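A.B. asks: Before I ask anything, here is the structure I am working with.
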Amino acid sequence: MDLSDKRARAALLRTRLTEAMIQAGTNQTALARDIRVDRSTISQVLKDDGARLPNAHLVAACAETLGVSCDWLLGLSDRPESAEDLLATAMSVSEAPRALIDETIFGWHREAEGYKIRHVPAGLPDMLKTRATLEWEYGPHLGRTTQQAINAASDRIEWMRISRSDYEIAMPLYEIESFAKGSGYYEGLGKETRRAQLDHLIDLTESLYPRLRLCLFDARRLYSAPITVFGPLLSVLYLGQTYLAFRDTNRIAAFTDHFDHLVKEASVTSRAMPDHLRTLQRFA
C-alpha cells in the first residue's frame, strides 16, 4: 500500500468514526470514557491528517462501543453492521407450521417471483397434490378447517403456477414409488386417490414443462435434506418444526450447487418423468 492509499484509508477511518459517533449519539469525551482511554487519544485520531492509523485495539474498542464493525471503520467493508448483526441478517429461524396456509413460505415465493426456484420437498410438494391427497394428508391435523385451508391454499398454489418463476423439483426415487404402492408414509391412502394423483402429476409434468421440471435421484447414492433455493435471494433448510433461512451469497451458492448436483445425477430426468410415472401406475 503506497502513501496515498494509507492517507486515504486514514481519512476514511476518521470520516466513519465521526459518522458512527453521530449515529450513536455520543461524543469524544463519552467515547473515550467508554473505552477507557484519554480524550486526547480520540481527539488525535480525529484531527490527525496524516497516514497513520490507530492501533488495532483502539479500533476494535471503538467499533464494539459504537456498534459497528472494525472492517467498516477501516474501509474494508461497506457494511457498518457488527459481525453479530450481519449474522442475524444473513440467517434467520422461523416456525414451520404443519398446515397448508404458510404465510412465510408464500412470502418467499412472492419475493422470488421471476427467479428460478429449486426445491427438494420433504414429501410430495403441496403445489402438485390433488384435493383428495391434501384432504387425506392434512385432515388429521386441521380437523374442521381442512376444507377452508385447502381452498385458501389452492389460490396461492395457483398463483405459484402462473407466476413468472421457473420451478425445478428434485425428489428421491423411493418417495414416488412409496406413493404409487401406498406404502410407508402413504399406507392407508386409497388406490383411487393414488391413481388420480399420478394422472395429475403426469399432466403437470407434461403441460407445464419446461417451467416445471421434476426429476428423481437415487437416495442410495445421493442424499438431500428438504431445501428450497429462491433464486439468488434466499436458501431455506426445512428442519420439521422450523425453517432455517440464509441470505448470504456463499450459502445460497452452496445450496444451489448441491441442488444442481442432484439434478445432474438424477436417475429419472424431467423429460423422462411422465413416462416413469406411467410405469408406476401399475402399482396403483
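The values are calculated or read from the model by the stated rules, or taken from the named source; none is laboratory data. Bear in mind the structure is a predicted one, so any value in this text is a computation, not a measurement. All Cβ positions, glycine included, derive from the backbone under ideal geometry; neighbour counts span all protein chains shown.
A.B. asks: Would you call Thr146 of a type in the set (S, T, N, Q), assigned by TED's automatic domain parsing to the domain that holds Val229, at pLDDT 85 or above and in a helix (DSSP H, G or I)? Outline the logic, then answer.
C.D. replies: Working: of a type in the set (S, T, N, Q): yes; assigned by TED's automatic domain parsing to the domain that holds Val229: yes; at pLDDT 85 or above: no; in a helix (DSSP H, G or I): yes.
It is false that Thr146 is of a type in the set (S, T, N, Q), assigned by TED's automatic domain parsing to the domain that holds Val229, at pLDDT 85 or above and in a helix (DSSP H, G or I).
A.B. asks: Also, I was wondering about something else. Gly139: surrounded by fewer than 16 Cβ atoms within 10 Å (Cβ to Cβ) and under 23 Å from the mean Cα position of the chain (by Cα), yes or no? Even if it seems obvious, please write down each step before you answer.
C.D. replies: Working: surrounded by fewer than 16 Cβ atoms within 10 Å (Cβ to Cβ): yes; under 23 Å from the mean Cα position of the chain (by Cα): no.
Criteria not met by Gly139.
A.B. asks: Would you check which residues across segment 191-206 are farther than 30 Å from Asp257 by Cβ and surrounded by fewer than 14 Cβ atoms within 10 Å (Cβ to Cβ) and list them?
C.D. replies: Taking segment 191-206 as the starting set, the residues that turn out to be farther than 30 Å from Asp257 by Cβ are 191-200, 202-203.
Passing the criteria: Lys191, Glu192, Asp203.
A.B. asks: Every residue in segment 253-272 that is within 15 Å of Ala225 (Cα to Cα) and among the aliphatic types (A, V, I, L, M), please.
C.D. replies: Start the filter on segment 253-272 by keeping residues that are within 15 Å of Ala225 (Cα to Cα), which leaves 254-263.
Ala254, Leu262, Val263, listed by residue number.
A.B. asks: Identify, from the list Ala225, Ala245, Ala266, the residue that is assigned to a loop (DSSP other than H, G, I, E, B) and surrounded by 13 or more Cβ atoms within 10 Å (Cβ to Cβ). Before you say what the answer is, go through the steps one by one.
C.D. replies: Working: Ala225 fails: surrounded by 13 or more Cβ atoms within 10 Å (Cβ to Cβ); Ala245 fails: assigned to a loop (DSSP other than H, G, I, E, B).
From the options Ala225, Ala245, Ala266, the qualifying one is Ala266.
A.B. asks: Still on this structure: Any chance you could count how many residues in segment 86-121 are part of a loop (DSSP other than H, G, I, E, B), modelled with pLDDT of 90 or more, surrounded by 14 or more Cβ atoms within 10 Å (Cβ to Cβ) and not aromatic (Phe, Trp, Tyr)?
C.D. replies: Of segment 86-121, the ones part of a loop (DSSP other than H, G, I, E, B) are 96-102, 112-115, 121.
Checking which are modelled with pLDDT of 90 or more leaves us with 112-115, 121.
When the remaining residues are screened for being surrounded by 14 or more Cβ atoms within 10 Å (Cβ to Cβ), the result is 112-113, 115, 121.
Add one more test, that the residue is not aromatic (Phe, Trp, Tyr), and what stays is 112-113, 121.
Residues in segment 86-121 being part of a loop (DSSP other than H, G, I, E, B), modelled with pLDDT of 90 or more, surrounded by 14 or more Cβ atoms within 10 Å (Cβ to Cβ) and not aromatic (Phe, Trp, Tyr): 3 in total.
Listed here are the residues, each with its yes/no results for (1) within 24 Å of Ser77 (Cβ to Cβ); (2) assigned by TED's automatic domain parsing to the domain that holds Ser69; (3) part of a helix (DSSP H, G or I).
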{"position": "Ala8", "(1), (2), (3)": "yes, yes, yes"}
{"position": "Ala11", "(1), (2), (3)": "yes, yes, yes"}
{"position": "Arg14", "(1), (2), (3)": "yes, yes, yes"}
{"position": "Gln23", "(1), (2), (3)": "yes, yes, yes"}
{"position": "Thr26", "(1), (2), (3)": "yes, yes, no"}
{"position": "Arg33", "(1), (2), (3)": "no, yes, yes"}
{"position": "Ser40", "(1), (2), (3)": "no, yes, yes"}
{"position": "Arg52", "(1), (2), (3)": "yes, yes, no"}
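A.B. asks: Does Ile176 qualify as being in contact with a Leu (Cβ under 9 Å, 6 or more places away or on another chain), at pLDDT below 95 and assigned to a helix (DSSP H, G or I)? If you could, list the steps in order and put the result at the bottom.
C.D. replies: Values: in contact with a Leu (Cβ under 9 Å, 6 or more places away or on another chain): yes; at pLDDT below 95: no; assigned to a helix (DSSP H, G or I): yes.
For Ile176, the condition - in contact with a Leu (Cβ under 9 Å, 6 or more places away or on another chain), at pLDDT below 95 and assigned to a helix (DSSP H, G or I) - is not met.
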